[in-house]
Amino acid sequence: MTIRKCQRYACTATVFVAMGAAVAFTAAPAFAAGTIQIAGAAADEVGVRYTCDAAAGVASIQVMAGDPNANSAAATGAQNNPTCDGAEHTGTVSLSAVAGQPQLAKGQSVQVRAALVDQSETVISGTAAVITLD
């Protein structure tokens, strides 16, 4: 193996390490944003598991639920000032019926959407699932 080949391998390895570091540093803000999962739902509340950092700017957890084929939600709710310290937390968001929509009932199959939202109502992280109400 010649010195030139060794230098080429060393240069190639350095480029890959630098690219990996660049990906890790640019992805760091995305990791800080947070995650949310639906833990369960009843006709009047939705349980969530979430994580977020203080730097993510999360102002509330917002939830909506309704018939999976409907054009709008039958119930909505929000929990203001969630704990954002990087650890996983659980929360319960109370639902209120939307005027003119049918009441949710136990055993009903609904689509539930939950989101971590900032002050300007922009979704930072969200999820949706079709579940049967407890």
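Worth pointing out:
- Counting Lys and Arg as +1 and Asp and Glu as -1 over every other residue whose Cβ lies under 15 Å from the Cβ of Leu116, the net charge comes to -3.
- The residues packed around Thr127, meaning those with a beta-carbon under 11 Å from its beta-carbon, carry a net charge of +2 if Lys and Arg are +1 and Asp and Glu are -1.
- Full-stretch length increase - Ile131, Val98 - with 0.36 nm per residue and alpha-carbon distance subtracted: 10.0 nm
- Across the alpha-carbon atoms of the stretch 56-129, the computed radius of gyration and Dmax are 13.1, 39 angstrom.
Where a number appears in this text, it was derived from the coordinates with a stated rule and is not lab data. Because the structure is a prediction, the values reported are computed rather than measured. Backbone-built Cβ (ideal geometry, glycine too); neighbour counts: all protein chains shown.
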